[in-house]
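Trainee: Got a structure here, written out as structure tokens. Questions coming.
The values are calculated or read from the model by the stated rules, or taken from the named source; none is laboratory data. Because the structure is a prediction, the values reported are computed rather than measured. We place every Cβ from the backbone using ideal geometry, glycine too, and count neighbours over all the protein chains shown.
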Amino acid sequence: MRDENGELKIENGKMKRVGIISLILFCLLGFVFAQSNQEVAVTGEQRTQLVNAVSKAHKQLRTLSANFTQEKSSALFSEKVVQKGIFCYQSPRQLRWEYKSPKPLTMLFDDQKVSLLTDKGAINSPNKMLNELGKMIINTINGDNICDNTNFNISFLKNSHDGSYIAVLKPINKRIKANYSSIRVVLNGKDYLAEKVILNESNGDTTTLIFTNKKVNQTLPANSFTK
């Protein structure tokens, strides 16, 4: 639109809309920038103190029980596969992993094998992937993976927003590397126990485990790892 002198004139309404859009874009960019800068590398003396604190916390861990949500993302699925249940762990290497939904299934893990609980009792499972998953969960719960420089290259981050720590594990062991490309373990900033585990599998799939309602060093039922 031109004025009486033939010069272009921008309507006030259009200028306001442009200003509002610019403001929204600025806010979005600021949010993305803030999100990307929440995780800060933990190095030097701070890293040493963190590793010592994690090691101490896990050495004091005798039992642990919690609810879990397991999410599986794969190119083979149109949507995430979500399973929920409860688990209990007893030091040094006993784990009961019990799915409640969508289908009930209970698995018992120890250092040697994985067993499936049925109406007829515990049956040993030959499934290697289940066995590897069980070992990975146990080694994450008891802290072995997080302080294991022989099987992983490990770096640590701190989330400046919520105070949690993230251990980023890159496998160097061939057996582990065949199954997982990387693992992220989110540790509570106060008790240094895992709250979330992201298993990035070598085939491109991702398994995410989220732990809630943790109960630490409480007495477990006597039959937790037998039936």
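Trainee: Could you tell me which residue of the range 81-135 is farthest from residue 179 (Cα to Cα), considering only residues that are exposed (fewer than 12 other Cβ atoms within 10 Å of the Cβ) and either in contact (Cβ under 8 Å) with a residue 60 or more places away in the chain or aliphatic (A, V, I, L, M) (or both)?
Mentor: 121
Trainee: Pick from the range 148-167 the residues that are touching a strand residue (DSSP E or B) at 6+ places or on another chain (Cβ under 8 Å) and either part of a loop (DSSP other than H, G, I, E, B) or free of Cβ contacts under 8 Å to residues at least 12 places away in the same chain (or both): which of them is surrounded by the fewest Cβ atoms within 10 Å (Cβ to Cβ)?
Mentor: 160
Trainee: Hey, does the range 137-160 have a residue that's in contact with a Gly (Cβ under 9 Å, 6 or more places away or on another chain) and of a type outside the set (Gly, Ala, Ser)?
Mentor: Looking for residues that are in contact with a Gly (Cβ under 9 Å, 6 or more places away or on another chain) and of a type outside the set (Gly, Ala, Ser), one finds at least one in the range 137-160, hence yes.
Trainee: Would you mind stating whether residue 153 is over 21 Å from residue 40 (Cα atoms), among the polar types (S, T, N, Q) and assigned by TED's automatic domain parsing to the domain that holds residue 98?
Mentor: no
Trainee: Taking the condition assigned to a loop (DSSP other than H, G, I, E, B) and at pLDDT below 95, does residue 33 pass?
Mentor: no
Trainee: If the Cβ limit is 7 Å and pairs must be 6+ apart or interchain, which residue in the range 52-77 that is farther than 17 Å from residue 95 by Cα pairs with which residue that is among the hydroxyl-bearing types (Ser, Thr, Tyr)?
Mentor: 53/192; 54/192; 57/192; 71/208; 72/207; 73/206
Trainee: Scanning the range 173-188 for residues that are loosely packed, with under 14 Cβ neighbours inside 10 Å and touching a residue at least 12 places away in the same chain (Cβ under 8 Å), which turns out farthest from residue 56 (Cα to Cα)?
Mentor: Within the range 173-188, the match that is farthest from residue 56 (Cα to Cα) is 178.
Trainee: Hey, another quick one. Quickly run through the range 174-222 and pick out the residues that are basic (Lys, Arg) and either in a strand (DSSP E or B) or not assigned by TED's automatic domain parsing to the domain that holds residue 76 (or both).
Mentor: The answer is 184, 196, 214, 215.
To keep it simple, each residue is scored yes or no on (1) under 24 Å from residue 202 (Cα atoms); (2) assigned by TED's automatic domain parsing to the domain that holds residue 183; (3) among the β-branched types (Val, Ile, Thr); (4) at pLDDT below 90.
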{"site": "73", "(1), (2), (3), (4)": "yes, yes, no, no"}
{"site": "79", "(1), (2), (3), (4)": "yes, yes, no, no"}
{"site": "94", "(1), (2), (3), (4)": "no, yes, no, no"}
{"site": "111", "(1), (2), (3), (4)": "yes, yes, no, yes"}
{"site": "114", "(1), (2), (3), (4)": "yes, yes, yes, yes"}
{"site": "128", "(1), (2), (3), (4)": "yes, yes, no, yes"}
{"site": "135", "(1), (2), (3), (4)": "yes, yes, no, yes"}
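Trainee: For residue 170, work out the one condition from (1) in a strand (DSSP E or B); (2) within 19 Å of residue 95 (Cβ to Cβ) it doesn't fulfil.
Mentor: Unmet condition: (2).
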